[in-house]
Amino acid sequence: MLFNSIEFAVFLVIVFGIYWTLNKQNLRLQNLFILVVSYVFYGWWDYRFLSLIAFSSLVDYICSIKIAGTEKQSLRKTFLYISIATNIGLLMFFKYFNFFLDSWNEAWASLGYTGIEYNLTTLIILPVGISFYTFQTMSYTLDVYRGS
């Protein structure tokens, strides 16, 4: 859904109206609504990547609950590191897997072995906005860790 499309204009009007209606009732319900419509908006591009963004969100949410729920500094750092490692790992995989795979194929081909074919196929599609939402979810966990 493009920002200059009719679909987005209709989507925005509906979401805006429901959001402000929920504002008068319950903040948790309002936040849940924004989460769901954010997933709908992201899934409009390609629903197959919704599991990736949901997994990233869930890891950071659980880690943040654990960080906020304990005073033990080593445990807080452990959950912070889990969040960072998961997010950076996903980002590195999706952004750089194709690069390393292509480099491997070129390195193997440059060795000049005749009769041995070794060519891995690039299969990874880069999800739209992966860097943005990765750093956004990580910043949430970092804010909880810092107490802000």
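Every read-out reported here was derived from the displayed coordinates using simple, explicitly stated rules and does not represent laboratory data. Quantities reported herein were computed from a predicted structural model and do not represent experimental measurements. Here the Cβ is made from the backbone with ideal geometry for all residues, glycine too, and neighbour counts use every protein chain on show.
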> Out of Asn98, Asn23, Asn87, any idea which swings most in a Gaussian network model of the chain, alpha carbons joined below 10 Å?
Replying inline: Asn23
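Count neighbours as other Cβ atoms within 10 Å of each site's Cβ, and list the chymotrypsin sites (Phe, Trp or Tyr not before Pro) in segment 1-59 that are DSSP loop with at most 14 such neighbours. Write out the running numbers ahead of the final one.
Values: sites: Phe3, Phe8, Phe11, Phe16, Tyr19, Trp20, Phe33, Tyr39, Phe41, Tyr42, Trp44, Trp45, Tyr47, Phe49, Phe55; in loops: Phe3.
Sites meeting the loop and neighbour criteria: Phe3.
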>> Only Cα pairs within less than 10 Å get springs; with that Gaussian network setup on the chain, which residue of Thr78, Thr86, Thr137 has the largest fluctuation?
In response: Thr78
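How large is the charge dipole for the chain, taken about the Cα centre, if only the Cβ atoms of Lys, Arg (+1) and Asp, Glu (-1) carry charge, to the nearest 20 debye?
On the way: 9 positive and 8 negative charges, 156 e Å.
Rounded to the nearest 20 debye, it is 740 debye.
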>> Given all pairs of different Cα atoms, what value in angstroms does the Kirkwood hydrodynamic radius of segment 1-45 take?
In response: 11.0
>> Just to be sure I understand, if you calculate Rg and Dmax of the Cα atoms in Å for this structure, which of (1) 20.7, 72; (2) 15.4, 48; (3) 15.3, 54 do you get?
In response: (1)
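Where does the chain land at 222 nm, in deg cm²/dmol rounded to the nearest 500, when only DSSP H runs of n ≥ 4 count, each adding -39500 (n - 2.57), divided by all residues? Provide the component values of the computation, followed by the final result.
Details: 5 runs with 111 residues, N = 148.
That comes out to -26000 deg cm²/dmol.
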>> Within 10 Å of each candidate Cβ there may be at most 16 other Cβ atoms; applying that plus a DSSP loop requirement, which trypsin sites (Lys or Arg not before Pro) in segment 45-111 survive?
In response: Lys72
> Taking the Cα centre of the chain as the origin and placing charges on Cβ (Lys, Arg +1; Asp, Glu -1), which of Met1, Val37, Gly17 is farthest toward the positive end of the dipole?
Replying inline: Gly17
